[in-house]
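Encoded as structure tokens, the structure appears first; notes follow it.
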Amino acid sequence: MTDVPVDNAARGAAPEGLTLAEEEELRAELAKVEEEIGTLRQVLAAKERHCGELKRKLGLTPLDGLKQNLSKSWHDVQVSNAYLSASSTLEDWNEKLTQSEAYKKTQETLSQAGQKTSAALSNVGSVISRKLGDMRNSATFKSFEDRVGTIKSRVVGSRENSTDGLHSPSGAGDKPPQDNAPF
């Protein structure tokens, strides 16, 4: 609402049912109320500035105020009749749903499916482990392993006095060789 000064020239004739004295009295009261509103706005602005200064001195940020407002608003929602009524209704629906035969059958079916899936995955893991073991013991893998060993021996070299047939590139004598090869 904006402050609009009352202009005697703009008022024209007195409203119907009012005497000129009553109109003057009402206009004076209106001017007084508008002046009080302006004063209250100034006081409110000063109080808001003072409040901001106090919050700044206390280290309170606008985010703290927002958190507090949200927390209070959420609390107000939780204790409102609408929320309590909706919560009660949802609890009743949940109770009815979990007690229904369809829900119980679905829960039982999903539980059985989970158990069967777990058993199947366990069996797959066992089969893979067994197949990897069989593959490691196969002639093809043994042949590959022998070839890798041969290549390693050629790269590292051989030693006549060594028990493992390898010698140290550093020529460390009787010390056991250190095997740093990735194979």
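The values are calculated or read from the model by the stated rules, or taken from the named source; none is laboratory data. These numbers come from a predicted model, not from an experiment. Cβ atoms come from the backbone with ideal geometry, glycine included; neighbour counts cover every protein chain shown.
Just wondering, is there one or more residues in the stretch 42-51 that are within 34 Å of the chain's Cα centre (by Cα), assigned to a helix (DSSP H, G or I) and of a type outside the set (D, E, K, R)?
Yes, the stretch 42-51 contains a residue that is within 34 Å of the chain's Cα centre (by Cα), assigned to a helix (DSSP H, G or I) and of a type outside the set (D, E, K, R).
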query = Of the residues Leu26, Leu18, Leu30, Leu58, which single one is over 30 Å from Tyr83 (Cβ atoms), at pLDDT 85 or above and touching a helix residue (DSSP H, G or I) at 6+ places or on another chain (Cβ under 9 Å)?
reply = Leu18
message = If I ask for residues that are surrounded by 10 or more Cβ atoms within 10 Å (Cβ to Cβ) and of a type in the set (Gly, Ala, Ser), which ones from the stretch 19-37 would you list?
response = Ala28, Ala31
inquiry  = For the stretch 120-133, check the following and say yes or no: at least one residue is in contact with a helix residue (DSSP H, G or I) (Cβ under 8 Å, 6 or more places away or on another chain) and surrounded by 10 or more Cβ atoms within 10 Å (Cβ to Cβ).
reply    = no
